[in-house]
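Structure first, then comments.
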Amino acid sequence: MVASIIDGKALSAEMRVELRNDVQRYIESRGQAPGLVIVRMGGDAASGVYSKAILRIANDVGVQARLDQLPEDTASDALRAALQRLNSDASVHGIIVQMPLPAHLSQQMVAETIAPEKDIDGISPHNAGNLLLGFPSLLPSTSGAVMEVLARTHTPLEGRRVVVLGRSNVVGKPLAILLLQQHATVTICHSRTTNLSEITREADVLVAAVGRANMVTAEMVRPGATVIDVGINAKPGGGITGDVDLESVRTVAGAVTPTPGGVGPLTNVVLLKQCLQTAWRQSDK
Ligand code: NDP
């Protein structure tokens, strides 16, 4: 079998067309665009690339986005105050703080300070709790992007066995909950899991969110399975590669996402979609 390659760029383009129309409807109704602010501390190269990508897509779909660049040595109290100002600014509907933070700043402080209704990357305890309880919530965008890929490729989940590799707060855990809500039977694996291949070979859908280049090989995949690669790993000579060894896995799987060009292109669109949602909610008040 040769797997079909899921075209994340095409799915992202499809989502952007829908979002552009939805943003237009918001602007016509409310007389202003949804507003988003990215807060970035210091000069981490990867987060710089990421900020630019968000600004570009925001511009493309009509969301008013700006980057608030703070010095790397910004004190915790100053960052808290900056976030509180954004929380009370009615023109700002969504706030993202770029990770990783400089070592002297606490991720917990940031997650607890961003107003839950503006937390468009789902990092606050409030949104994480709502997600766990099955109440409406803002999602960590990568887990939302994986669910978009599965929905838009009509991948059945109900009653299916799904294995998620990785248990981080930003990807593995929220994704497992979302899959459970779609009535999949979910297994979460991590660095201490034993007999990993035995477990992954049972998966109808296998998601890799580990951060180890090409760790998922054909022997780990059930014939015909859908394999979703979330991993982003820098290649020694430049460029990126995923957690899935595409050349090997595509000989066994039914469908697989490539890296680049798989889940990645949908992530920022999910973020902006959630910014539009929060704008509607805040302007409805
Ligand atoms: P983390 O480093 O926070 O988590 C990695 C997870 O993988 C951990 O739960 C870890 O287990 C587990 N793990 C490590 N080694 C193994 C192993 N040998 N077998 C099984 N599990 C293992 O990473 P993130 O969740 O933040 O990100 C995961 C990947 O996804 C990264 O490559 C990241 O760059 C990428 N990513 C992609 C995004 C996108 O838009 N496509 C967005 C966000 C992340 P343990 O908990 O035991 O340590």
From the list Arg56, Arg20, which residue is surrounded by fewer than 17 Cβ atoms within 10 Å (Cβ to Cβ) and under 19 Å from the mean Cα position of the chain (by Cα)? Arg56
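Considering only residues of region 180-226 that are assigned to a helix (DSSP H, G or I), more than 23 Å from Pro258 (Cβ to Cβ) and in contact (Cβ under 8 Å) with a residue 24 or more places away in the chain, which is nearest to the ligand (Cβ to nearest atom)?
Taking region 180-226 and keeping what is assigned to a helix (DSSP H, G or I), we get 180-181, 196-200, 218-220.
Those left that are additionally more than 23 Å from Pro258 (Cβ to Cβ): 180-181, 198-199.
Subset that is in contact (Cβ under 8 Å) with a residue 24 or more places away in the chain: 181, 199.
Details: Gln181: 20, Ile199: 10 Å.
Among those that are assigned to a helix (DSSP H, G or I), more than 23 Å from Pro258 (Cβ to Cβ) and in contact (Cβ under 8 Å) with a residue 24 or more places away in the chain, it is Ile199.
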Condition met for Ile177 (without any contact (Cβ under 8 Å) to a residue 60 or more places away in the chain, within 13 Å of the ligand (Cβ to nearest atom) and more than 30 Å from Ser88 (Cβ to Cβ)): no
Hey, could you check region 233-270 for residues that are more than 13 Å from the ligand (Cβ to nearest atom) and not in a loop (DSSP other than H, G, I, E, B) and say which is nearest to Leu36 (Cα to Cα)? Val256
So how many residues does region 225-239 have that are surrounded by fewer than 24 Cβ atoms within 10 Å (Cβ to Cβ) and either touching an Asp or Glu at 6+ places or on another chain (Cβ under 8 Å) or aliphatic (A, V, I, L, M) (or both)? 3
Can you find a residue that is in the same structural domain as Met147 (by TED's automatic domain parsing) and under 30 Å from Gln64 (Cα atoms) anywhere in region 206-215? no
So, first residue within 17 Å of Leu132 (Cα to Cα) in region 155-171, second residue within 16 Å of the ligand (Cβ to nearest atom) and polar (S, T, N, Q), Cβ within less than 7 Å, six or more apart or across chains; the pairs are Val170/Thr142; Val171/Thr142; Val171/Ser143
Which ones in region 154-174 are part of a loop (DSSP other than H, G, I, E, B) and within 9 Å of the ligand (Cβ to nearest atom)? Gly166, Arg167, Ser168, Asn169, Val170, Val171
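Taking the residues in region 122-144 that are assigned to a helix (DSSP H, G or I) and within 16 Å of the ligand (Cβ to nearest atom) as candidates, determine which candidate is nearest to Ala111 (Cα to Cα).
Across region 122-144, the extreme among qualifying residues is Ala128.
Among Gln181, Gln108, which is the only one that is polar (S, T, N, Q) and touching a Gly at 6+ places or on another chain (Cβ under 7 Å)?
Just a single option satisfies the conditions, and that option is Gln181.
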Under 6 Å between Cβ atoms, which residue pairs at least 6 apart in sequence (or on different chains) link something in region 133-150 that is over 17 Å from Asp119 (Cβ atoms) with a partner that is at pLDDT below 95? none
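Please verify whether region 66-83 includes one or more residues that are in contact (Cβ under 8 Å) with a residue 60 or more places away in the chain, exposed (fewer than 15 other Cβ atoms within 10 Å of the Cβ), under 20 Å from Gln274 (Cα atoms) and not hydroxyl-bearing (Ser, Thr, Tyr). Before you say what the answer is, go through the steps one by one.
As a first pass, look at region 66-83 and keep what is in contact (Cβ under 8 Å) with a residue 60 or more places away in the chain: none.
There is no residue in region 66-83 that is in contact (Cβ under 8 Å) with a residue 60 or more places away in the chain, exposed (fewer than 15 other Cβ atoms within 10 Å of the Cβ), under 20 Å from Gln274 (Cα atoms) and not hydroxyl-bearing (Ser, Thr, Tyr).
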For Thr153, state whether it is farther than 28 Å from Lys285 by Cβ and surrounded by fewer than 22 Cβ atoms within 10 Å (Cβ to Cβ). yes
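The values are calculated or read from the model by the stated rules, or taken from the named source; none is laboratory data. Being a predicted model, the structure only gives us computed values, none of them experimental. Because the Cβ atoms are built from the backbone with ideal geometry, glycine has one as well, and the counts that use them run over all protein chains shown.
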